[in-house]
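Values quoted throughout were computed directly from the atomic coordinates according to the rules given, and no laboratory measurement underlies them. None of the values given here were measured: they were computed from a predicted structure. A quick note on method: Cβ atoms are made from the backbone with ideal geometry, for glycine too, and the neighbour counts reach across all protein chains shown.
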Amino acid sequence: MAEAHIKGNPEPVEIRKIFCIGRNYAGHAKEMNAPLPEAPVFFLKPTTAIIGEGGIIRIPSISRDLHHEIEMTVLIGRGGNNILKGNALNHVAGYGIGLDMTLRDVQSDAKKKGLPWTLAKGFDTSAPISDFVPAESIQDPHALGVKLDVNGMTRQQSNTDDFIFKIDELIAYISQFFTFERGDIIFTGTPEGVASAAAGDKLEAQLLSPSRTVLASLRVSVQ
């Protein structure tokens, strides 16, 4: 059973569903040669993709091009469907940082053939996550920094203010089609700067306050 942890709360939360938002930063859409979406684009990962602090990302033998994608994560604390945008943030239990690891060559091949690319996104260890900061301690979730260092060098850095679709919009939209449950996680999309990660790499992801204080961090390695 995969679990999420909220800082200051000794009780873990069982992770249910993992929603991943695609193309939620204009810069990333541009670098992927993809149009800006008119509505949120999302896909699912299984809970077996989850690893935590100190975990190891294992590259399946079918891929030679693993990519990192840093993303702010949102932990749902109260479920529901057809959630109103104005009430959406009341369903959030916490905010964290995560990595949407992607087998880019496998994904590209599937896209060319018009096939699903679940394998490229949902393989075991493809969803590293940090612990979550309690939602009530975050004044504005759309004013936070996201930063990824690989082997001590910054690869991705942006701000949640650059989201195309804000968190309340994402929750309201998804809840029209999927009932949210306590323990669901939303990966909110990655900024530009995605690149290859190789065996032996050390990745450090951070969620930063407006004053650049580290709110949540995650350190994992690739094997």
Count, please, the residues in segment 74-98 that happen to be in a loop (DSSP other than H, G, I, E, B) and either of a type in the set (Phe, Trp, Tyr) or touching a strand residue (DSSP E or B) at 6+ places or on another chain (Cβ under 6 Å) (or both). 2
With the condition being under 27 Å from Ala2 (Cα atoms) and free of Cβ contacts under 8 Å to residues at least 24 places away in the same chain, I'd like the strands (runs of 3 or more DSSP E) fully within segment 99-217 carrying at least 2 qualifying residues. none
For segment 107-121 the number of residues that are in contact with a helix residue (DSSP H, G or I) (Cβ under 6 Å, 6 or more places away or on another chain) and surrounded by 21 or more Cβ atoms within 10 Å (Cβ to Cβ) is 1
Consider Ile83 carefully, then state whether it is buried (at least 21 other Cβ atoms within 10 Å of the Cβ) and either in contact with a Cys (Cβ under 7 Å, 6 or more places away or on another chain) or under 27 Å from Gln157 (Cβ atoms) (or both). no
Working only within segment 38-73, note down all residues that are hydrophobic (A, V, I, L, M, F, W, C), surrounded by fewer than 17 Cβ atoms within 10 Å (Cβ to Cβ), touching a residue at least 60 places away in the same chain (Cβ under 8 Å) and part of a loop (DSSP other than H, G, I, E, B). Ala39
Flag if Ala216 is touching a strand residue (DSSP E or B) at 6+ places or on another chain (Cβ under 8 Å), among the aliphatic types (A, V, I, L, M), over 30 Å from Asp105 (Cα atoms) and surrounded by fewer than 22 Cβ atoms within 10 Å (Cβ to Cβ): no
